[in-house]
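All remarks here apply to the structure that follows.
Computed from the coordinates by the stated procedures, all read-outs in this text should not be read as laboratory data. What you are looking at is a predicted structure, and each value in this text was computed from that prediction instead of being measured. Counting neighbours? That spans all protein chains shown, and the Cβs are built from the backbone with ideal geometry, glycine included.
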Amino acid sequence: MIEKKNYYFVFKRVFDILFSIFGLVITAPVILMFGIFIKLETPGPVFFIQERVGLNGKNFNVLKLRSMGIDAEKNGAQWAEKNDPRVTKIGAFIRKTRIDELPQFINVIKGDMSLVGPRPERPIFTEQFNREIPGFIDRLAVKPGLTGWAQVNGGYEISPKDKLEYDRYYIKNLSITMDIIIILKTVKVCVTGNGAR
């Protein structure tokens, strides 16, 4: 099914590049401003780089504005929770509005990600969830996205199992129209802050 959509993936890649370049230029002042706020609130780097699993299981480094303290994972990898105490005050705001994700336009331009697709998980959690939920790696059949069907329908509060079902639905129904719907829904999510964690 995916092989028959080559035209879609060509269009999607061109759109990803053009939209991300435009988006990066437009949001650069916002990234800079919150980068300053992050430095003023806590010591450490402005950006947070973390390994994620991408298309066909290939790992890449995702780029985000740092929303937690530098010792957030001193006890090992942890999945973020609602009202996570590791999140800083500025971090809570940029996570709620998804501003922390804006640097990922760079990941999209590089080709690691697409604007729309399943949100990429960390290798350790991908392995764990695939053991607990056989087929979880089915999500890796397409590029991960800056936003996705699961995010606009359930945000970060949904379980990995439900996330898989939403992502499978997206992969089964790939289309330009669906991508546009997800992007428009994402704007609404960013404005309302629904699903933040």
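Between the helical axis of 176-192 and the longest alpha-carbon principal axis of the chain there is an angle of about 20 degrees. In this simple spin-label model, placing a label point 7 Å from the Cα along the Cα-to-Cβ direction at both Asn59 and Lys39 gives a separation of 3.0 nm. Compared with the dominant Cα axis of the chain, that is its longest principal axis, helix 160-172 is turned about 40°.
Across the options Met68, Pro123, Val152, the greatest Cα extent toward the positive end of the charge dipole of the chain (unit charges at beta carbon of Lys, Arg, Asp, Glu) belongs to Val152.
Each Cα pair of the chain feeds into the Kirkwood radius, which the Stokes-Einstein equation turns, at 10 °C and 1.306 mPa s, into a diffusion coefficient of 92 µm²/s.
Helix 123-132 and the longest principal axis of the C-alpha atoms of the chain enclose an angle of approximately 60°. For the chain, modelled as a GNM whose springs connect Cα atoms under 10 angstrom apart, the maximal fluctuation among Asp179, Asp112, Asp162 occurs at Asp162. Take the residue pairs Lys58/Lys172; Lys39/Lys172; Lys163/Lys188; Lys5/Lys96; Lys39/Lys163; Lys64/Lys172 and return only those whose Cα atoms are more than 31 Å apart. Cα-Cα > 31 Å for Lys39/Lys172; Lys5/Lys96; Lys39/Lys163; rest within.
Taking each DSSP H run with n ≥ 4 as -39500 (n - 2.57) and averaging over every residue of the chain yields -15500 deg cm²/dmol at 222 nm.
Net charge near Asn107: determine it from the other residues with C-beta under 14 Å of the C-beta of Asn107, scoring Lys and Arg +1 and Asp and Glu -1. Here the count lands on +2.
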